[in-house]
Amino acid sequence: MDDGRQFIQPMRVHLLHPHELPRAAQLTQRTNQFNFTTRRRTEAELAGLPVFSIHVTDRFGEYGFTGLVVVQDGIVDTFLLSCRVLGRGVEHAVVRWLGEHFAALTFELAPTARNAPAQTFFRELTGQAQGTATLSGGEMQMVEFSAPASAPVAAMAPVVAADRFHDYQRIATHLDTVERIQAAMLAEQMQAAPVREVAHPPVTDAERRLATIWTELLGQPGISTEDNFFDLGGHSLLAVLLVTRVHEEFGIELAMDDVYSADTTLAKLAEIVETQHLGAYDPAEVAAVMGEIAAMSDDEVRSEITRLCAFS
């Protein structure tokens, strides 16, 4: 099938539940690429609007709450999707769903410097570059996804073969261990990844160590404590690797629900790690240490911190 249905089944769309408000507000604040109008809204503002949340699943697992649509008086004033589900026909499936539930809708696009994917889809959907366009329910239901045509294999073969020869030669000559291969892969990913401005850099030890793991898995430098693993390009297979890496690094077992939670940012994941790490100690031992700290003077605490930092 070439209309994307194989990927997006099952896709769930429903009126926003109250417990989804934090994630919905987060999506409006952070989604830039596929966002028709880039209207930013708070939880309080969304609570008073007719919002439809979009949940996507592929053959590897659940992607979760990845987009939303706001429909007011027959106008789609917000249509956004997380970049991790783009190019797979999800946007087309959402429009078909709207066509099944509305007799007609007016779509609105406000071009920005960053929403090129939304502009492309709006043009495909309406034949216009921007502004507003009205589609009937029947027209929306006829929207289909066609996978991008790949380049002819014969034309690509010589180049691919040459590239592979150089890759194999480099591996045989320089990358003779798993560690060196992993380091080379990470270096290439980091070189290709765009530089991001980090508004909230990692501060605690757990945050910094988790950020390093995320960078290794996602090839994404500049991790912020407010970033969501899946919004940076993570998927179900990488989530499994994340759980494994956390176990190797911290010696604890993360639940998959902790990783898949829509509001689990780097900071919140670090809190979970720290809580579980603390729980690994004997409660009586922890209480005894806390009692010793409470009995110390401020000068003694500062002196002990200075001493510990000297050995770290």
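The values are calculated or read from the model by the stated rules, or taken from the named source; none is laboratory data. Treat the numbers as computed from the prediction; the structure is a model and nothing was measured. Cβ atoms come from the backbone with ideal geometry, glycine included; neighbour counts cover every protein chain shown.
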Only residues that are assigned to a loop (DSSP other than H, G, I, E, B) and buried (at least 17 other Cβ atoms within 10 Å of the Cβ): list them for segment 232-245, please.
-> LEU232, GLY234
For segment 246-260, does any single residue satisfy the condition of being modelled with pLDDT under 80, surrounded by 12 or more Cβ atoms within 10 Å (Cβ to Cβ) and hydrophobic (A, V, I, L, M, F, W, C)?
-> yes
Scanning segment 131-148 for residues that are polar (S, T, N, Q), surrounded by 13 or more Cβ atoms within 10 Å (Cβ to Cβ) and under 23 Å from VAL85 (Cα atoms) gives GLN141
Counting just the residues of segment 97-150 that are over 19 Å from ILE54 (Cβ atoms) and charged (D, E, K, R), which one comes out modelled with the lowest pLDDT?
-> ARG114
